[in-house]
Amino acid sequence: MRFGFIGTGTITKAVVTGMLRFDVAFERISLSPRNERIAGELAALDERINVCPSNQAVLEPSDAVCLAVVPQIAVDVLGQLEFSARHRVISFLAGVPLDQLRRLVGPVHSVTRAVPLPAVAEGRGSTAICPADKTARGIFSALSEAVEVDDETRFDALSAVTATMASFYAVLESQAVWLVKQGVEYDAARAFLSGYYAGLTHDAARTMQPFAQMTDECMTPGGINEQVHAELSQRGTYAHFQQALDGVLDRIRAARSGEAAAGRFRSHNARARAGAACRVRNGNSNGHAYWGSLLLSGSSNNRKLFEAGAFFSRVRSTHCHGALRSVGGVVVGSGRVRFTGESHAKETGVCRPIISSDAVVTCSEMLCHGCTLRELHTSR
């Protein structure tokens, strides 16, 4: 099998490295030239790996093509390529559904989605695949735990839980900081916690026991594990995780069912890259902002400021003493916003909650000390 990779970033590097390390059979690997350094490093590992002069040159000798560009430029990149009926396309593009992929690549042998993570370079982790595909399974069953689903809604759910990586490390950091407060050196705390959690994940991987059963088996009546678990349960910690995942899934499904713009920003009279602010003046938007394939649409009639599926990473008011700040949110209906992080109004000596996590409000209710929302920023 001859493989091609459009995009040579972190994930391509991990997958190709894993293929070499774990002896995945291939005749040739063709790499796009976009990231010259990574492409050159990979080509130096094996004489069967070649860096091509263009993305189209990657397609010509390849039987299976892995799409590994960032979603924001997918439409531009793929729109310039000519795929053939023999190509088996495996997409690593987050949030780009199968229907849209098929439109972008045209008539090909097959289109599959996969979510490989950097750990596949070490033969660790898991990779979701949709739909089941022999070629994708052949790669990722050798590099990780390959989990195939034929329903894209289930694939969306598996994709959503990969959004917990940062919070996983944040939990470890909070425990490391606590140990430092108890007099343990940070390096010692980190080493201990890394080994401790590696042991737990090893236990999880070697058994098929339900996690609930493993939880019960870790607790003795009146023991310290039972104490911590009970306190976190009472505080709603685990429920907050599920609520955060609900917000991620809302965003993923909105992208799949809504309009797509693949990372462009558009206003009534200008174009710019995604990440610019969509400014709201007295409840009116001067244009449309796109984040990835999610549409954030403004209107001038105060009735429909944003369309369902819009995701925002930061909001603030520029017309008050403090600032309204949110970790993130998603528009869940016409003019209705669901926050996925705590929001606060901050001024000298004051930091008080304005909108609680997971609250659903209308645009007109997004107030900060009586002042309406002024700016909404989108970013990756």
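The Cα atoms of region 1-67 cover 28, 24, 20 Å along the three principal axes, with the biggest extent listed first.
Ranked by how many other Cβ atoms sit within 10 Å of their own Cβ, fewest first, the residues Asp187, Asp203, Asp63 fall in the order Asp187, Asp203, Asp63. The smallest convex shape that holds all Cα atoms of region 1-117, its convex hull, gives 92 Å³ per residue. When the square roots of the Cα gyration tensor eigenvalues are ordered a ≥ b ≥ c, the ratio a/c for region 156-198 is 1.5 or more and a/b exceeds b/c, which makes its shape prolate.
Note on region 164-244: the alpha carbon radius of gyration divided by the globular reference 2.2 N^0.38 Å gives 1.21. Computed on the Cα atoms alone, the convex hull of region 34-84 gives a volume of 90 cubic angstrom per residue. Normalised by the number of residues in region 2-150, the average gap of Cα pairs under 8 Å and 6 or more apart makes the relative contact order 24 percent.
Bear in mind that the values in this text are calculations on the coordinates, not laboratory data. As the structure is a computational prediction, the values presented were derived from the model and not from experiment. Neighbour counts run over all protein chains shown; Cβ positions are idealised from the backbone, glycine included.
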